[in-house]
Structure formats: C-alpha cells, structure tokens
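The values are calculated or read from the model by the stated rules, or taken from the named source; none is laboratory data. If you're wondering where the values come from, they're calculated on a predicted model, not measured in any experiment. Cβ placement follows ideal geometry from the backbone for every residue including glycine, while neighbour counts extend to all protein chains displayed.
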Amino acid sequence: MNVISVENIAKAYGIKTLFRDISFGIDEGDKIGLIGTNGTGKSTLLKVLAGVEATDSGRVVAANSARIEYLPQNPVFDDAATVLQQVFFGVSIPAADLWQVESEAKTILTRLGIYDFDARVGTLSGGQRKRVALAGALIRSAELLILDEPTNHIDNETVSWLEQYLNRRKGALLMVTHDRYFLDRVVNRIIELDRGRLFTYTGNYRNFLELKADREEQEHSTEQKRLNLLRNELKWIKRGAQARTTKQKARTDRFERLKADKPEAGPGNIQISAGSSRLGKKVIALDHISKGFSGNILIDDFSYTFSKEDRVGIIGPNGAGKSTLLNIISGRVKPDDGIVDKGLTVKTGLFSQEGREMDDNLRVIEYIKEEAEYLPTVGGKLISAAQMLERFLFPSELQWVPIGKLSGGERRRLYLLRVLMGAPNVLLLDEPTNDLDIMTLTILEDYLDEFPGVVIAVSHDRWFLDRMADKILVFTGEGRVACYHGNYSEYLESARSEAAEAARSESKASANVIKDSGSASDTAADEAGGGRVYLNYGREKARPLKLTFKEQKEFEQIDEIIAGVEKELNEVNAKINAAGSDFLLLQELTGMQQDLEEQLDELLERWAYLNELVEEIERNKSKN
C-alpha cells in the first residue's frame with residue numbers, strides 16, 4: 001500500500017536550487033535511506049514530506065488517514081517540561097492504554113540512556129535532549145516515520161538496539177544518516193540527491209555502492225560519446241561549412257545541442273594530499289592519570305603511551321569520559337592525578353563536538369586562510385587553501401559565499417578543514433562523523449589513510465572505526481579503560497567470544513542446579529557405569545545410554561525452576577515500570593533483568609538438552 005507520493009516537486013532558496021522535478025513513492029514496509037552531500041537539500045526534503053515546509057512546485061500526496069511522525073535534527077523543546085511530558089507532548093492517549101504506553105516509553109528512554117523521567121528538559125545536555133526527542137518519535141504510532149540523523153549522540157550499544165527496534169517496527173521509514181553500517185542493516189532502499197536530481201537504488205548501502213558505480217560508469221560512457229560527437233561536429237564547423245541547406249542547418253543545431261547537454265560537474269574522484277608538521281620519536285605518554293567531576297570518577301589510574309602513526313578509536317557509553325580523555329590529551333583539561341608527558345614536536349589539532357564560533361559575515365575562503373594559506377604535504381609540496389576547499393567539496397563558487405549561508409553540515413565540514421589546515425601531527429577527533437555526509441566521511445577517511453601523524457578519535461560510527469583504527473580504547477565503567485589491538489569489528493568479535501565463554505562457564509556451574517544430597521549414591525552410580533552419556537559426542541557405544549542420578553533429579557525439577565525464574569523476571573519487569581525516575585533503582589533493576597534473562601536462556605538450553613537425551617533413551621528402549 002502506498003503511504004505517500006512525491007510528484008515533480010522543486011525547492012530553491014534564492015538562486016540556489018536544491019532539487020527540481022523529483023518524483024518517488026513510499027510504500028508500506030519501505031525502509032529508505034536518503035543520502036547526499038551536505039547542502040544538497042536532504043533535510044529540506046524531509047521537512048517537505050513532513051509538511052513542515054512547502055514546495056515551490058509539484059505536490060506531496062499522503063494516503064488517507066496516514067500518520068507521519070518526524071524527528072528533525074534540531075527538535076523544539078519545552079525546557080520547563082519533564083522528560084515524560086516532552087515525550088508525550090501533543091499526544092492523546094486513551095486512559096485504558098496509559099499504563100502500557102507509559103511503560104513502553106520508559107523502556108525506550110532507558111535503552112537510550114535516559115533514566116530520570118521527571119528531570120526538566122532544560123537541565124539536560126544537548127545529546128540527552130536529542131535522545132528524548134528520538135524516544136518521542138519512536139513511541140508514537142505512525143504509518144511513516146521520518147528521522148533526520150537519529151544515530152547522533154548515542155553510543156554504539158544503543159545504535160545496535162535502535163537497529164533491531166527499527167527492523168522490528170511495522171510501517172514505512174525514511175531517514176537521513178551518516179552511519180553506513182546502520183544503513184546496511186536497516187534499509188531496503190536508498191534514494192540519493194545528487195546535483196538537484198534524485199536517483200533510486202534497491203537494497204542496502206553495499207548494494208547502493210555497486211549500483212552507483214554502475215550508474216557513474218554508464219554516465220561516463222555517455223559523456224565520452226557526447227564528447228566524441230562534439231569533436232566531430234566541431235571539425236565540420238571549423239571546415240567553414242555554410243549553414244545554407246536544411247541538412248547543414250540541422251548539423252549546426254545539433255552541435256549547439258551537444259554543447260548544451262554537458263552534465264553538471266560533480267565532486268569527481270577526490271584525491272587528498274595529507275599534511276602535518278614533523279613529529280619526533282616522543283609523542284604523548286599518559287602516566288597513571290585520573291579525572292573526576294563532582295565525585296564521579298571518569299578516568300581512574302590510566303596509563304598509555306602513544307607512538308608515531310598510532311590510529312586509536314575510543315568507545316564507551318555516553319558520559320563515560322571519552323571527550324574528557326581527548327581534552328586531557330589536548331591540554332584543555334588537567335588530570336586530577338598523574339602526568340601527561342608530551343614530546344617537544346607534538347602539535348595537536350582538536351575537532352570537538354561543540355565546534356567553534358564562526359563569523360557569519362566571513363567568507364568561506366577567508367575563514368580557512370585565517371588558519372593558513374598553504375598546507376605542507378607529505379611529499380614536500382604546498383597545497384593552497386583554495387585547493388583544499390575544492391577537495392573538501394567547496395567548489396570555487398562556494399568559496400566566496402558568506403559562512404552564514406552554509407548549511408549545518410557544510411559549517412561542520414568547514415570547521416574540520418580548518419583544523420586540518422593547522423597542520424597538526426596529533427589529530428584529535430571528537431565524534432567527527434556527527435552531521436557530516438557520507439561523501440565527506442569518505443574523503444576524511446582517505447585523508448587519514450595518508451596522514452603521517454597520530455589519529456585519536458572518539459566515535460560511535462562503526463564503519464569509520466573499522467576503516468580508521470588499529471587500536472580501541474574501551475571505557476568499561478567505574479573509570480576503567482581497557483586497550484584492544486585491532487579495529488572495532490575485531491574488538492566486538494573478541495568481546496562476544498569472551499562473553500560467550502563466560503556464559504558457558506556460568507552455564508556449567510548453573511547446570512547443577514539441584515544440590516545432590518546423596519552424592520555417595522550418585523558416585524556409586526557413576527562407578528557402576530551410569531555416568532553421563534552425551535549424544536553425538538563419541539562416547540563408547542557399549543556404555544548404556546541413561547540419565548545420571550543428578551540428571552534424573554534435574555530433569556524432574558527443571559520445569560519448576562524455569563517457572564520460578566520466569567516469575568521472578570516478570571516481577572522485575574513490573575518493578576522497572578513502577579520505578580519512576582529513581583535512577584539508581586533503575587540501574588539495579590535493569591542489571592537484574594539482564595541476569596535473569598541470561599539465566600532463563602541457559603535453563604531453556606539445558607531443558608532442551610535433557611529432553612533430547614530422554615527422547616533418545618526412550619527410542620533406544622523401544623528398539624530393544
């Protein structure tokens with residue numbers, strides 16, 4: 001069923017045309033990613049579909065009674081409202097459904113790292129406010145959910161949860177996101193805004209990369225044919241042929257059409273020359289540093305020595321201390337204890353989440369030249385500010401535009417370029433992928449591939465971490481920071497293996513749930529040949545297949561034990577719903593919930609094994 005249809009719409013701001021004559025439809029079950037370079041009009045298109053902005057021409061037609069829920073990049077908040085009041089702002093809930101809907105909202109907020117439901121929105125950080133707005137969008141029932149950068153300000157674990165939530169959610173989805181793994185795992189269709197035109201690709205992000213490469217190859221082939229025809233026509237024109245006959249006049253007209261058919265210039269293949277200052281052998285050593293705020297320990301007795309060409313990713317929950325660590329390394333924040341020992345040649349460049357103040361009246365190229373007019377490259381050459389701007393998707397006509405006319409993403413990209421123009425040899429990136437488009441991220445990643453210095457990045461973007469990092473610093477809680485050698489996916493696989501091994505060890509311990517008061521008789525049974533016989537594990541065929549004394553007692557009582565754990569889990573879930581905004585209680589209860597769920601999974605696995613064993617014993621008896 002069609003949810004919404006877009007018919008030949010166009011939108012421009014002044015002389016800048018964002019898109020023109022674009023048409024597409026969104027059907028029930030579509031999960032669509034919208035991509036394009038910053039400033040191409042992605043957020044504007046979302047606003048048009050949400051009914052927030054009008055089109056210059058064309059129309060948007062929604063199905064009868066279709067509900068559309070929209071999460072903008074910069075939501076509007078009532079600072080005096082509580083978290084729950086903000087989530088339910090403008091929503092009418094039947095009294096009979098109130099408890100269930102409020103319970104679901106608290107669960108979503110908890111998953112997003114918001115525990116104090118009675119906190120005033122005005123007291124929250126920018127990231128927390130965005131997560132409250134996201135919870136509000138998710139809790140509302142809608143045929144079309146529109147999300148503008150939903151993964152900003154949430155950590156890796158929460159992004160994984162959001163992936164699962166959106167995959168389970170019924171209804172259509174349209175979103176702008178820079179998170180390429182997120183696109184890969186959630187969407188089944190991608191639409192791209194490119195130079196005012198719209199292109200549609202079926203499949204996820206990896207499919208898009210293949211299909212776009214095919215499209216660009218076809219466009220290149222078409223352009224080569226156009227140029228060849230143009231050259232031939234130009235030769236004819238230069239021979240001085242007179243446009244007297246109808247045939248000659250047609251060839252002249254054809255030449256003019258070929259010239260006019262020249263496609264708009266695109267970003268092309270961006271080749272980045274990386275530049276930095278010379279870096280000596282000694283870089284930065286963190287020696288037993290600690291840092292806390294208001295009694296909250298963020299970093300406790302952490303030591304690490306950075307070496308030349310280190311590529312370090314930093315991950316952990318929101319508020320764990322990741323940005324604080326970057327600020328300590330940069331010198332903006334002093335540790336409470338310990339020493340930060342920097343080499344004499346170290347020159348840090350910090351790309352922070354907050355950004356820096358920009359003069360809106362300053363032109364783009366003037367802003368960059370304030371930092372440097374030239375950047376020394378690895379090969380000893382100099383690259384000008386204008387050339388670097390060109391390579392970071394600021395074409396010559398955009399370089400003389402006042403900063404005040406740039407989009408939020410373009411300003412972020414400009415700030416990144418200014419940091420790079422400072423020629424740092426230790427580059428500190430705090431959530432560099434927030435508000436940057438995928439093309440810019442690809443350019444940045446290519447730049448970092450050639451960058452001769454140290455790169456230290458806090459990021460929740462898993463694709464970026466896989467591409468950039470060869471070491472991962474993990475904030476594990478209570479001020480502890482662990483180091484893993486490898487990229488993010490390798491770390492995640494290792495962490496999962498360790499968790500699975502721990503679960504297996506715990507499962508072995510919990511498998512003997514029933515304490516054997518008659519251990520002597522059980523030992524005697526084992527000595528008599530009644531020990532456990534595993535199915536398909538290569539035990540001696542002559543040994544009789546039977547339950548041990550322990551297994552028999554466990555089999556008789558495991559159903560009752562499972563029922564008890566299920567009852568306890570239900571009680572904990574009810575307590576979570578009733579916990580209100582008690583942050584400490586919620587943390588304790590969600591920990592208990594996770595432990596009980598894991599225990600239940602292990603018991604069910606054990607139950608399946610015992611039942612399979614009993615069935616095999618019964619089959620053997622029937623054969624005999």
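Failed condition for ILE146, given (1) modelled with pLDDT of 90 or more; (2) under 30 Å from TYR488 (Cβ atoms); (3) part of a helix (DSSP H, G or I), with all others met?
The number of the failed condition is (3).
If you scan the stretch 334-343, which residues turn out to be assigned to a loop (DSSP other than H, G, I, E, B), over 12 Å from LEU298 (Cα atoms) and in contact (Cβ under 8 Å) with a residue 12 or more places away in the chain?
GLY343, the sole residue that qualifies.
Return the pairs, sorted by first residue and then second, in which the second residue is outside any loop (DSSP other than H, G, I, E, B) and surrounded by fewer than 18 Cβ atoms within 10 Å (Cβ to Cβ), the first residue lies in the stretch 69-80 and is without any contact (Cβ under 8 Å) to a residue 60 or more places away in the chain, the beta carbons are less than 7 Å apart, and the residues are 6+ apart or on different chains.
Note: pairs meeting the criteria are ASP79/ARG120; ASP79/GLY122; ALA80/ARG120; ALA80/GLY122.
So LEU428 fits all but one of (1) surrounded by 21 or more Cβ atoms within 10 Å (Cβ to Cβ); (2) part of a strand (DSSP E or B); (3) modelled with pLDDT under 95; what number is the exception?
Looking at each condition in turn, LEU428 falls short on (3).
Given the residues GLY29, GLY33, GLY39, which is the only one that is within 27 Å of LEU393 (Cβ to Cβ), part of a loop (DSSP other than H, G, I, E, B) and either touching a Lys or Arg at 6+ places or on another chain (Cβ under 9 Å) or of a type in the set (D, E, K, R) (or both)?
Of the residues listed, the single one that is within 27 Å of LEU393 (Cβ to Cβ), part of a loop (DSSP other than H, G, I, E, B) and either touching a Lys or Arg at 6+ places or on another chain (Cβ under 9 Å) or of a type in the set (D, E, K, R) (or both) is GLY39.
Just give me the residues in the stretch 1-30 being within 19 Å of GLU192 (Cβ to Cβ) and aromatic (Phe, Trp, Tyr), in sequence order.
Across the stretch 1-30, the qualifying residues are PHE19, PHE24.
Could you say which residue among LEU569, LEU589 is at pLDDT below 80, part of a helix (DSSP H, G or I) and not assigned by TED's automatic domain parsing to the domain that holds LYS106? Outline the logic, then answer.
On the way: LEU569 fails: at pLDDT below 80.
Answer to the check: LEU589.
Yes or no: the stretch 316-333 includes at least one residue that is in a strand (DSSP E or B) and touching a Lys or Arg at 6+ places or on another chain (Cβ under 8 Å).
No: zero hits.
Of the residues ARG467, ARG418, ARG413, ARG462, which single one is free of Cβ contacts under 8 Å to residues at least 40 places away in the same chain and of a type outside the set (Gly, Ala, Ser)? Write out each step before concluding.
Numbers: ARG418 fails: free of Cβ contacts under 8 Å to residues at least 40 places away in the same chain; ARG413 fails: free of Cβ contacts under 8 Å to residues at least 40 places away in the same chain; ARG462 fails: free of Cβ contacts under 8 Å to residues at least 40 places away in the same chain.
Selected residue: ARG467, the only one of ARG467, ARG418, ARG413, ARG462 that is free of Cβ contacts under 8 Å to residues at least 40 places away in the same chain and of a type outside the set (Gly, Ala, Ser).
Test of understanding: among GLY343, GLY295, GLY313, GLY338, which residue is crowded, with 16+ Cβ neighbours inside 10 Å and either at pLDDT below 95 or of a type in the set (Asp, Glu) (or both)?
Step by step, each of GLY343, GLY295, GLY313, GLY338 is checked, and only GLY343 is crowded, with 16+ Cβ neighbours inside 10 Å and either at pLDDT below 95 or of a type in the set (Asp, Glu) (or both).
Hey, any hits in the stretch 470-493 for a residue that's touching a Cys at 6+ places or on another chain (Cβ under 7 Å) and either hydroxyl-bearing (Ser, Thr, Tyr) or outside any helix (DSSP H, G or I) (or both)?
First pass over the stretch 470-493, keeping only residues touching a Cys at 6+ places or on another chain (Cβ under 7 Å): 471, 473.
Checking which are either hydroxyl-bearing (Ser, Thr, Tyr) or outside any helix (DSSP H, G or I) (or both) leaves us with 471, 473.
Looking for residues that are touching a Cys at 6+ places or on another chain (Cβ under 7 Å) and either hydroxyl-bearing (Ser, Thr, Tyr) or outside any helix (DSSP H, G or I) (or both), one finds at least one in the stretch 470-493, hence yes.
Okay, residues lined up against (1) over 27 Å from THR433 (Cα atoms); (2) surrounded by fewer than 16 Cβ atoms within 10 Å (Cβ to Cβ); (3) of a type in the set (S, T, N, Q):
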site: GLU7; (1), (2), (3): yes, yes, no
site: LYS16; (1), (2), (3): no, yes, no
site: LYS42; (1), (2), (3): no, no, no
site: LEU46; (1), (2), (3): no, no, no
site: VAL52; (1), (2), (3): no, yes, no
site: THR55; (1), (2), (3): yes, no, yes
site: ILE68; (1), (2), (3): yes, no, no
site: GLU104; (1), (2), (3): yes, yes, no
